[in-house]
Amino acid sequence: MDELLAPVKALLGPAFPLVWTMVKIVGILAPLMLCVAYLTFWERKVIGWMQVRIGPNRVGPWGLLQPIADGIKLFLKEIVFPTKADKPLFVIAPIMALAPALAVWAVVPFSDGWVLANIDAGVLFVLAIGSVGVYGVIIAGWASNSKYPFLGAMRAAAQMVSYEVSMGLALITVLMVSNSLNLTAIVNGQAEGRFADMGLSVFSWNWLPLLPMFVVYLISGVAETNRAPFDVVEGESEIVAGHMVEYSGMAFALFFLAEYANMILVAAMTSLFFLGGWLSPVGFIPDGFHWFALKMSAILFFFLWIRATFPRYRYDQVMRLGWKVFVPLTLVWILVVGVWMMSPLTIWN
Amino acid sequence: MLENYFPILLFILVGLGFGCAPILLGRIVAPHKPDSEKLSPFECGFEPFEDARMKFDVRYYLIAIIFIIFDLEIAFLFPWASIFQEIVNTPAVKLFGFIEMFVFIGILVLGYIYAWAKGALDWE
């Protein structure tokens with residue numbers, strides 16, 4: 001690889017790191033956008049099959065070009081700027097929703113060493129930038145100056161910050177057993193243990209010893225991205241689409257992209273923190289990116305599955321689950337993991 | 001050390017650009033024929049009555065405050081959690097490092113129980 005790049009390096013001189021980083025960024029963003037597009041297609045197909053329909057099947061073979069047709073349609077639709085809206089904020093909001101959902105991917109390791117920025121504060125960065133997304137929602141609701149967006153944004157902001165608390169507390173236990181804030185180190189830490197030595201690395205991943213936290217993190221992730229059954233924010237039948245009501249065309253498309261990019265992100269984070277990232281579940285099959293992709297796909301399928309299965313929660317139920325179930329559970333489990341690690345029975349040393 | 005963060009800065013800028021570009025392009029490519037009905041706030045077909053800048057439930061505000069407290073707590077727990085194994089492996093600070101943090105969490109839990117008892121977490 002280095003030899004191949006040598007002439008390019010000589011040609012670009014000092015600008016090389018900049019250009020090379022840009023190439024890598026495009027190399028992450030382009031497949032990510034493709035995944036987002038086909039996740040929307042896959043969602044419609046899966047939910048269609050679960051409801052004994054066939055889903056989109058008209059555009060291209062098996063409907064495969066449907067997301068592209070949707071994209072072109074949104075692209076050619078007028079972007080309406082309501083008279084009463086606060087124009088600058090109205091434009092900033094969708095950008096604020098999308099930019100952080102993309103920026104977090106800078107620290108996601110796709111395989112051992114395949115990471116754009118291998119920083120030691122990776123988990124902190126993920127939490128910090130991930131939290132910025134809520135600004136996009138609340139700014140959109142405020143800037144629209146209309147009742148449904150306002151109500152939706154208030155709900156969304158309260159829900160997102162509530163579940164951020166339980167996600168953060170669940171991550172504390174992961175950090176306690178991983179001894180690092182570096183995402184690559186967290187995954188590599190899961191490759192060690194009694195079961196991993198026996199060639200069954202799947203039982204050494206964090207999901208087993210931290211099972212309640214895995215469940216809390218996954219469900220909080222669904223709530224954090226405002227997906228069904230926690231989609232009270234959008235609630236088509238009560239507040240029509242929440243903060244997105246006044247948006248149209250590409251401005252609406254950005255919110256849409258942000259939601260699906262966030263879903264993929266939560267799936268990636270869950271597989272890194274709890275499911276051993278790119279590690280192979282059994283010793284005799286090599287590790288690699290395909291495992292990471294497979295785990296993410298499984299979690300994303302789970303997201304779609306619960307959307308097709310469960311009815312929407314009531315708002316007070318959503319808040320009760322976050323504050324009165326998850327927060328005490330995570331706090332207790334931090335104590336349990338602490339005592340476990342202090343005791344002679346510890347499996348992490 | 002700091003150059004590790006340069007790709008991140010670049011990625012954030014690309015992310016922002018990626019957000020701006022579709023809106024700009026959409027503004028240029030898509031039609032633009034505003035009329036007063038189209039630009040009025042959406043309210044399921046009714047004429048909007050009252051201002052949208054209305055009173056809202058104080059509980060949202062309470063949730064925001066409680067969130068700040070818990071988020072700070074998490075921020076304090078992070079450095080402790082990321083070196084907890086070293087604390088456990090150092091006999092001199094083993095028990096101290098463990099108890100001290102749980103005293104800290106205990107104080108927070110007291111506040112949490114108070115907020116619960118006062119009904120700050122209720123939505124009925």
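Quick check on packing: order A:96-109, A:175-188 by the mean number of other C-beta atoms within 10 Å, highest mean leading. All intermediate terms of the calculation are to be shown ahead of the outcome.
Working: A:96-109: 25.6, A:175-188: 21.9.
Sorting A:96-109, A:175-188 by mean packing, highest first, produces A:96-109, A:175-188.
Note down the net charge around residue B:87, summing +1 for each Lys or Arg and -1 for each Asp or Glu among other residues with Cβ under 12 Å from its Cβ. Before the final figure, lay out the partial values.
Values: positive: B:94; negative: B:86, B:100.
Surrounding charge for residue B:87 is -1.
Could you give each residue of segment A:107-120 its phi-based ³J(HN,Hα) in whole Hz, using Karplus coefficients 6.51, -1.76, 1.60 with θ = phi - 60°, and x for Gly or Pro?
Each residue of segment A:107-120 in turn: 10, 7, x, 8, 7, 4, x, 8, 8, 5, 10, 8, 8, 6 Hz.
Evaluate the relative contact order of chain A (contact order divided by residue number), counting alpha-carbon pairs under 8 angstrom at least 6 apart; express in whole percent.
Values: 497 pairs, mean separation 71.7, N = 349.
The value is 21 percent.
So for the protein assembly as shown, taking the charge dipole from beta-carbon charges (+1 Lys/Arg, -1 Asp/Glu), which of B:5, A:182, A:18 sits furthest toward the positive end?
Going by the charge dipole, the pick is A:18.
Below 19 Å, Cα to Cα, which lysines can residue A:45 reach? Residues fewer than 8 away in the same chain don't count.
Of all the lysines, none pass the test against residue A:45 - Cα under 19 Å, at least 8 places apart if same chain.
Dipole magnitude of segment A:74-221 about its Cα centre, charges +1 at Lys/Arg Cβ and -1 at Asp/Glu Cβ only, in debye to the nearest 20?
Result for segment A:74-221 is approximately 640 debye, rounded to the nearest 20.
Of A:167, B:26, B:106, which is farthest along the charge dipole of the protein assembly as shown in the positive direction, counting Lys and Arg as +1 and Asp and Glu as -1 at C-beta?
About the Cα centre, the residue reaching furthest to the positive side is B:26.
Ordered by packing density, taken as the mean number of other Cβ atoms within 10 Å over each peptide's residues, highest first, how do B:28-34, B:78-84, A:62-68, B:110-116 rank?
So the order, starting with the most tightly packed, is B:78-84, A:62-68, B:110-116, B:28-34.
Quick check for me: using +1 on Lys/Arg Cβ and -1 on Asp/Glu Cβ, what's the dipole size of the protein assembly as shown about its Cα centre, in debye to the nearest 20?
720 debye
In terms of the Cα gyration tensor, with a ≥ b ≥ c the square roots of its eigenvalues, is chain B rounded because a/c is under 1.5, prolate because a/b exceeds b/c, or oblate? Please list the in-between numbers first.
Details: a/c = 6.41, a/b = 1.56, b/c = 4.12.
It comes out oblate by the Cα gyration axes.
What aspartates and glutamates sit close enough to residue B:33 to cross-link, taking a C-alpha to C-alpha distance under 19 Å and skipping anything fewer than 8 places away on the same chain?
Within reach: A:78, A:246.
Evaluate peptide B:72-78: per residue, the Cβ atoms of other protein chains within 10 Å of its Cβ; return the mean as an integer.
The shielding value for this peptide is 5.
Give me the accessible area buried between chains B and A, both sides summed, with a 1.4 Å probe, in Å² rounded to the nearest 100. Spell out each step's value before the answer.
Working: alone 11490 and 17480 Å², together 21950 Å².
About 7000 Å² of accessible surface is lost on pairing.
Could you work out how far the C-alpha centroid of segment A:242-268 sits from that of segment A:123-162, in angstrom?
Their Cα centres are 12 Å away from one another.
Residue by residue, what Karplus-based ³J(HN,Hα) values in Hz, rounded to whole numbers, does segment A:248-258 have, using 6.51, -1.76 and 1.60 with θ = phi - 60° and x for Gly and Pro?
Per residue, the Karplus-derived 3J(HN,Hα) values read 9, x, 5, 4, 5, 4, 5, 4, 5, 4, 4 Hz.
Cα-Cα over 20 Å: which of A:24/A:77; A:84/B:55; A:77/B:38; A:87/B:55? Present the calculation step by step, with values, prior to reporting the outcome.
Details: A:24/A:77 32 Å; A:84/B:55 18 Å; A:77/B:38 13 Å; A:87/B:55 22 Å.
From A:24/A:77; A:84/B:55; A:77/B:38; A:87/B:55, over 20 Å: A:24/A:77; A:87/B:55.
Would you mind telling me the share, in percent, of accessible area of chain A contributed by carbon and sulfur at probe 1.4 angstrom?
Answer for chain A: carbon and sulfur cover 71 percent of the accessible area.
Summing Lys, Arg as +1 and Asp, Glu as -1, what charge do residues with Cβ under 11 Å from the Cβ of residue A:133 carry, residue A:133 excluded? Spell out each step's value before the answer.
Working: positive: none; negative: A:164, A:224, A:259.
In short, -3.
Convert each backbone phi in segment A:73-90 into a coupling constant with the Karplus relation 6.51 cos²θ - 1.76 cosθ + 1.60 (shift: θ = phi - 60°), then list the ³J(HN,Hα) values in order as whole Hz, x for Gly and Pro.
Once rounded to whole Hz, the list reads 4, 4, 5, 8, 8, 5, 8, 8, 10, x, 4, 6, 5, 7, 4, x, 5, 4.
With just the Cα atoms defining each centre, how far is segment A:297-329 from segment B:15-85? Give it in Å.
Measuring centre to centre over Cα atoms gives 21 Å.
Placing unit charges on C-beta atoms (Lys and Arg positive, Asp and Glu negative, everything else neutral), compute the dipole magnitude of segment A:269-349 about its Cα centre in debye, rounded to 20.
Values: 6 positive and 2 negative charges, 84 e Å.
Charge dipole, segment A:269-349, about its Cα centre: 400 debye, nearest 20.
Please compute the average number of Cβ atoms from other chains found within 10 Å of each residue's Cβ in peptide A:75-86.
Working: counts 5, 4, 4, 8, 7, 5, 5, 6, 6, 7, 3, 0.
Per-residue shielding by partner chains comes out at 5.
Can you give the accessible area per residue of chain A, in Å², using a 1.4 Å probe? Walk me through the numbers on the way to the answer.
Numbers: 14050 Å² over 349 residues.
Value returned for chain A: 40 Å² of accessible area per residue.
The values are calculated or read from the model by the stated rules, or taken from the named source; none is laboratory data. Remember, it's a predicted structure, so these values are computed and weren't measured experimentally. As a convention, Cβ positions derive from the backbone with ideal geometry for all residues, glycine included, and neighbour counts pool all protein chains shown. Heads up: the accessible areas ignore ligands, DNA and RNA and are worked out on the full protein's heavy atoms, side chains in. Shrake-Rupley method; radii C 1.70, N 1.55, O 1.52, S 1.80 Å.
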